[in-house]
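Working notes for the structure below.
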Amino acid sequence: MVDIVGLFTGAKKLVGLDVGSSALKLAEVVQTPKGFVLDNFHQTPLPRGVITDGAVTAPDILTQHIKDLYKKAGCKRKAIATSLSSHAAIVKKVNLAQMEENELRELIHDEAGKYLPFDSMDDVLFDFQILGENEYNPNQMDVLIVAAKKDIVEGFTGAIEKAGLPVVIMDVDSFALEHMYEQNYDFEETDVAALINIGASITNINVVLNGGSIFTRDFTLGGNAVTEALQEKLGVTFEEAEKIKLEGVRGGEMEEREFNDSLLQLADPICSEIERSLDYFRSTYGGGDIRKVLLCGGSANIPGIAQELSQRLNIETEVVNPFQKIGYNKKVIDPGQIQSIGPVAAVGVGLALRRVGEK
């Protein structure tokens, strides 16, 4: 097993590998004189149960699917940037006395119980980022700490490396999305945005100010709940229900409208939890209000969900577009598919954009 370079570190010529609970997504981004270009994107479904609660539970199956995806994609690069679900990592911002990085690392390791929910760091991998001087006390600095259980990290890295691919970066989904956001969207220093990743089994909410996280929340409810409800309602298989959920029904305008309304009713628990989370943020955060909500993840493609949330939240809400300022290779990626793959590709694109020495 190779050493992990760190939860924040970047590397050149990486392949972004997004390992979700329902699918694998591979993204390659190249830099050209005209800017970044998505040069390769492929995805493949994962059987249910391979990833459970953010951890690998069937490593051999995951390894085989990674090999199959690599072969399907014709990918030649080997170095991998991948990420943990936000549900599997602890992210905490703390205020500490000014000190050098080596002193800070020792302090976090030795006094972990003060900052993280671990009695010992012996079975934990962690990294940190010094955000800068604390605005209220010049003798202190703001530090972002990220930590995860060693066995969870090694579950992912082991399965990927068994496929013959070295893991150079282990990131966190929410940070990868921040990176994608910074590359594609214009914002002022005071602008607040909410990046909402509706995964198969977990929804992650990350509110960012000037591109940096100021509030996060996860809840264990995602697109699978909608699929299962649709499966029961229509009496079809899970796979058929998943396809219907994202593609809708073919028929007249009235039939489609009625189906979409019914689908949004099934998605109501997710929308309600998002609404409660952002209401809580608004009631506790003293800064500016949320300017925009961006929906990511496969279930962001549920027809009408962006409009539904926009009305509920009274905030401009849209499906994320990771290709606003990043081009794509029309020779290998179908232009007709680029809009639908956007929210699915967002994490992978953010990972593929990582570079050496970034924090």
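The values are calculated or read from the model by the stated rules, or taken from the named source; none is laboratory data. Computed from a predicted model, the values in this text were never measured in an experiment. Here the Cβ positions follow ideal geometry from the backbone for every residue, glycine too, while neighbour counts run over all protein chains shown. The accessibility values were calculated without ligands, DNA or RNA, using every heavy atom of the protein model including side chains. Shrake-Rupley method; radii C 1.70, N 1.55, O 1.52, S 1.80 Å.
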Every residue in the stretch 122-137 that is without any contact (Cβ under 8 Å) to a residue 24 or more places away in the chain and more than 21 Å from ILE214 (Cβ to Cβ), please.
ASP122
Condition (residue is within 27 Å of ALA193 (Cβ to Cβ), without any contact (Cβ under 8 Å) to a residue 24 or more places away in the chain and not in a helix (DSSP H, G or I)) applied to the stretch 280-290: is it met by at least one residue?
yes
Pairs only if they're at least six apart or on different chains, beta carbon under 8 angstrom, first in the stretch 190-212 and farther than 10 Å from VAL293 by Cα and of a type in the set (Gly, Ala, Ser), second open to solvent by 10 Å² or more (accessible area, probe 1.4 Å) and in a strand (DSSP E or B); list them, first residue then second.
ALA200/ALA23; GLY212/LEU131
Before we move on, is ASP289 at pLDDT below 90 and either closer than 21 Å to TYR181 by Cβ or not aliphatic (A, V, I, L, M) (or both)?
yes
Between residues in the stretch 219-245 that are in contact (Cβ under 8 Å) with a residue 60 or more places away in the chain and farther than 17 Å from PRO47 by Cβ and residues that are open to solvent by 30 Å² or more (accessible area, probe 1.4 Å) and not in a loop (DSSP other than H, G, I, E, B), which pairs lie under 8 Å by C-beta distance while being six or more apart or on different chains?
THR220/HIS87; VAL226/LEU266
Between residues in the stretch 145-162 that are under 25 Å from THR216 (Cβ atoms) and residues that are open to solvent by 40 Å² or more (accessible area, probe 1.4 Å) and not β-branched (Val, Ile, Thr), which pairs lie under 6 Å by C-beta distance while being six or more apart or on different chains?
ILE145/LYS92; ALA148/LEU125; LYS150/ASP123; LYS150/LEU125; VAL153/LEU125
Looking at the structure I just gave you, is ILE341 under 13 Å from ILE196 (Cα atoms), at pLDDT 90 or above, among the hydrophobic types (A, V, I, L, M, F, W, C) and assigned to a helix (DSSP H, G or I)?
no
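Yes/no per residue for (1) open to solvent by less than 50 Å² (accessible area, probe 1.4 Å); (2) in contact (Cβ under 8 Å) with a residue 40 or more places away in the chain; (3) of a type outside the set (A, V, I, L, M, F, W, C); (4) in a strand (DSSP E or B):
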residue	(1), (2), (3), (4)
LEU24	yes, yes, no, yes
GLU28	yes, yes, yes, yes
PHE36	yes, yes, no, yes
LYS76	no, no, yes, no
SER83	yes, yes, yes, yes
HIS87	no, yes, yes, no
LYS92	no, yes, yes, yes
LEU96	yes, yes, no, yes
LEU104	yes, no, no, no
Residues in the stretch 132-153 that are loosely packed, with under 14 Cβ neighbours inside 10 Å, assigned to a strand (DSSP E or B) and not small (Gly, Ala, Ser): how many?
1
Qualifying residue in the stretch 306-318 (condition: open to solvent by 10 Å² or more (accessible area, probe 1.4 Å), under 21 Å from the mean Cα position of the chain (by Cα), under 24 Å from GLU256 (Cα atoms) and at pLDDT below 95)
no
